[in-house]
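Visitor: Structure incoming, see below.
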Amino acid sequence: LIVLPHNLLVVDYGLGHPGSVHDAWAFQGTRIASNPMQLIPRDHWTWADSAYPSETWCVVPFKKPKGGRLSRDQNVYNKYLSKVRT
């Protein structure tokens, strides 16, 4: 289910995948993955979890670098992003 955060408008959804399919794989079958600019107005975006691609229209949390750590600012950002997505 893809919802625009500013007005809670549902712009896309995916059906047909079993629950065992990873979110990122199911996402590839949606219209928004293949043509986001048709569904998301200019200067708008949607929030998603880290399974989704980081795009100008898809805001995802920072991922910890392999063998590294997130900065304090990145951790704070992730904390607030998780509250918005919930």
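The values are calculated or read from the model by the stated rules, or taken from the named source; none is laboratory data. From a predicted model like this one, the values you see are computed outputs, not experimental measurements. Positions of Cβ are generated from backbone atoms using ideal geometry, with glycine treated the same way; all protein chains shown enter the neighbour counts. Ligands, DNA and RNA are stripped out before the accessible areas are found, and what is left, the full protein with its side chains, is counted by its heavy atoms. Shrake-Rupley method; radii C 1.70, N 1.55, O 1.52, S 1.80 Å.
Visitor: Between Leu1 and Val84, take the C-beta separation as r, use R0 = 22 Å, and let me know the FRET efficiency to the nearest 0.05.
Guide: 0.90
Visitor: Per residue of the range 33-40, what does 6.51 cos²θ - 1.76 cosθ + 1.60 with θ = phi - 60° give for ³J(HN,Hα)? Whole Hz please, x for Gly and Pro, Karplus curve as stated.
Guide: 5, 8, 8, x, 5, 6, 9, 10
Visitor: Could you pull the accessible area for Lys83 with a 1.4 Å probe, rounded to 10 Å²?
Guide: 130
Visitor: For Leu15 and Val76, calculate 0.36 nm times their separation in residues minus their Cα-Cα distance, and state this gained length in nm to one decimal.
Guide: Value of the extension gain: 18.6 nm.
Visitor: Over the chain, how many percent of alpha carbon pairs lie in each 10 Å bin up to the one with the longest distance?
Guide: Computed distribution, short to long bins: 15, 45, 31, 9.
Visitor: Ignoring ligands, DNA and RNA, what accessible area per residue does the chain give at 1.4 Å, in Å²?
Guide: Each residue of the chain exposes 76 Å² on average to a 1.4 Å probe.
Visitor: Mind listing the long-range amide H neighbours of Val11? Cut-off is under 5 Å, sequence gap 5 or more, other chains count too, H placed in the peptide plane at 1.01 Å from N.
Guide: Here the answer is Ile2, Val3, Leu4, since their amide H atoms fall under 5 Å of that of Val11.
Visitor: Can you give me the relative contact order of the range 2-85 as a percent, contacts being Cα pairs under 8 Å and 6 or more apart?
Guide: Relative contact order, the range 2-85: 21 percent.
Visitor: Considering amide H positions built from the backbone, and no H for Pro or chain starts, which residues 5 or more places from Val59, or on another chain, come under 5 Å of its amide H?
Guide: Long-range HN contacts for Val59: Thr46, Trp47, Ala48.
Visitor: If I ignore ligands, DNA and RNA and count only protein heavy atoms, how much of Asp12 is accessible to a 1.4 Å probe, in Å² to the nearest 10?
Guide: Per-residue accessible area (Asp12): approximately 10 Å².
Visitor: Report, to the nearest 10°, how far helix 72-85 tilts away from the longest principal axis of the Cα atoms in the chain, using its own Cα long axis and a range of 0 to 90°.
Guide: 30
Visitor: I've got another one for you. With a 1.4 Å probe and all protein chains left in place, how much of the accessible area of the range 2-85 comes from carbon and sulfur atoms, in whole percent?
Guide: That fraction is 54 percent.
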